[in-house]
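Data block below; observations after.
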Amino acid sequence: MGVFELRIGQQGEPSLVPPAEETPTGLYYLSNLDQNIAVIVQTVYCFRPAADGGGRSACDVLRESLAKVLVHYYPLAGRLTISGEGKLVVDCTGEGAVFVEAEADCAMADIGDVTEPDPSVLGKLVYSVPGAKNILEMPLLSAQVTKFKCGGFVLGLAINHCMFDGVGAMQFVNSWGETARGLPLSLPPVLDRAVLRARDPPKVDFPHHEFAQITDEADDDEDDGGVIGDSSPLLHRSFRFTPACIARVKALVALEGRACTTFEALAGFVWSARTRALGMGPSRRSKLLFAVDGRPRFSPPLPAGYFGNAIVLTSAACAAGELTASLPRAVRLVRGAVEAVTDAYMRSAVDYFETTRARPSLASTLLITAWSRLPFRAADFGWGPPAAYGPAALPEKEVALFLSCGEEGGGGVRVLLGLPAAAMAEFQRLVEEVTAA
């Protein structure tokens, strides 16, 4: 990808798809866990040419079923606004999700490997509001269906992360698919987010280092030749870690007690290798952020089908020199960050935002988002599972994304990230050191 230019030959005017039935109005509460991640997440699902569906086009099926599923997920048909408390809230206007039909002047195979997130190509498969200055001017959900000359099509979704996390998003997409196939919802959404309200009064019991700002002070006396401030364009690459590669990474880590998990091993390796590739000075602190699913960790656990964000950010930090010199050290820090996430910690995080309105800092930070366990292939709208899927772009330059390769792809995990050219070359070299047979 990159040298290929995707041309959209025809793009219809965006239309609104309101819920098929009357739905509740008024303001819909978003919890403090929803407030910190109000970014637009863009994903694409590629479907091969389908057999004749009784004369009904993919666009017709998807539009009609979207209207029906929005009856259950009616907040998605509203608009984001600011409450009197200065927080994000949804005004349930029932206006509807945005729906766009488009046609490409090529075959779907021509767009290449969608696991390589090239925004210049895949970005054309997802609708963006022209001239929108902030998230308040963007719909909570937009869907673009792009038809290709081969008969295949791509469903491109743009969803505001404040509405749900990855687990919730897949529940919605799968509910949409069930509706398109004429089935009842196997997991109706639980819309009430009051279970995650802050305590009164708020009670902050833990230090929340995920919000810590790392400054450049440590590098004032260093001329390390690093590329932290490199303003050159990012290269986006994906790296596949096969089960054998993951086993080799784990073999490099000798931890006390239980063996490290796949996430711990890969997160520690990617954090260490990226820090080294960026040329951070040895005394500069490098921070890792990643999300932990709180659904089973809350006490009591959140109900199945919980609609909102139930992820809590946890963090680790270390001097770059120490981090790059010891992979076991990096993995131990990752494990500690995972184990720190308890019910008490998550309640404290909710209350911390209530008292500070702080946003997590991304300075000198790697933010890992793990999608490797999300059931993307379950997105069946009547044409079977998607032939390919993935992000249209990474939401921030500091983000690395973990995706499952799937059993059909031989298993393992694919790591997507963006780095300046020099740093990407070094990162690739470090990956090849551990993945070479």
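A few notes on this one:
- Among all positions in the stretch 97-116, there is at least one residue which is crowded, with 23+ Cβ neighbours inside 10 Å, among the aliphatic types (A, V, I, L, M) and modelled with pLDDT of 95 or more.
- Of all residues in the stretch 169-201, exactly one satisfies the criterion of being small (Gly, Ala, Ser) and at pLDDT below 95, namely Ala194.
- Restricting the stretch 67-82 to residues that are in contact with a strand residue (DSSP E or B) (Cβ under 9 Å, 6 or more places away or on another chain) and either hydrophobic (A, V, I, L, M, F, W, C) or in a helix (DSSP H, G or I) (or both), the residue that is farthest from Asp192 (Cα to Cα): Ala67
- Close pairs from the stretch 367-392: first on the phi < 0 side of the Ramachandran plot, partner part of a loop (DSSP other than H, G, I, E, B) and among the β-branched types (Val, Ile, Thr), Cβ under 9 Å, at least 6 apart: Ala388/Val114; Ala388/Thr115; Tyr389/Val114; Tyr389/Thr115; Pro391/Val114; Ala392/Val114; Ala392/Val126
- From Leu141, Leu125, residue being in contact with a Phe, Trp or Tyr (Cβ under 9 Å, 6 or more places away or on another chain), surrounded by 21 or more Cβ atoms within 10 Å (Cβ to Cβ) and under 25 Å from Ser404 (Cβ atoms): Leu141
- Looking only at residues in the stretch 118-127 that are modelled with pLDDT of 90 or more and assigned to a loop (DSSP other than H, G, I, E, B), the one that is nearest to Gln42 (Cα to Cα) is Val126.
- Selection status of Val431, assigned to a strand (DSSP E or B), touching a helix residue (DSSP H, G or I) at 6+ places or on another chain (Cβ under 8 Å), buried (at least 20 other Cβ atoms within 10 Å of the Cβ) and among the hydrophobic types (A, V, I, L, M, F, W, C): no
- Restricting attention to the stretch 179-209 and to residues that are out of contact with any helix residue (DSSP H, G or I) (no Cβ under 8 Å at 6 or more places or on another chain) and of a type in the set (Asp, Glu), the residue that is surrounded by the fewest Cβ atoms within 10 Å (Cβ to Cβ) turns out to be Asp200.
- Qualifying residue in the stretch 73-89 (condition: among the acidic types (Asp, Glu), without any contact (Cβ under 8 Å) to a residue 60 or more places away in the chain and closer than 20 Å to Cys162 by Cα): yes
Matching residues to (1) small (Gly, Ala, Ser); (2) touching a residue at least 12 places away in the same chain (Cβ under 8 Å); (3) within 19 Å of Val61 (Cβ to Cβ):
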{"residue": "Leu125", "(1), (2), (3)": "no, yes, yes"}
{"residue": "Ala132", "(1), (2), (3)": "yes, no, no"}
{"residue": "Ile135", "(1), (2), (3)": "no, yes, no"}
{"residue": "Leu141", "(1), (2), (3)": "no, yes, yes"}
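- Where helices (runs of 4 or more DSSP H) sit wholly within the stretch 227-328, those with at least 3 residues that are among the hydroxyl-bearing types (Ser, Thr, Tyr) and buried (at least 17 other Cβ atoms within 10 Å of the Cβ) occupy 262-277.
- Pro19 being modelled with pLDDT of 95 or more, over 30 Å from Arg347 (Cα atoms) and not β-branched (Val, Ile, Thr): yes
- Counting only strands (runs of 3 or more DSSP E) that sit wholly inside the stretch 331-419, those with at least 3 residues that are under 30 Å from Ser57 (Cα atoms) are 388-391.
- Where Ala387 falls short, out of the listed (1) aliphatic (A, V, I, L, M); (2) modelled with pLDDT under 90; (3) surrounded by fewer than 21 Cβ atoms within 10 Å (Cβ to Cβ): (2)
The values are calculated or read from the model by the stated rules, or taken from the named source; none is laboratory data. Not measured: the values here are computed from a predicted model. We place every Cβ from the backbone using ideal geometry, glycine too, and count neighbours over all the protein chains shown.
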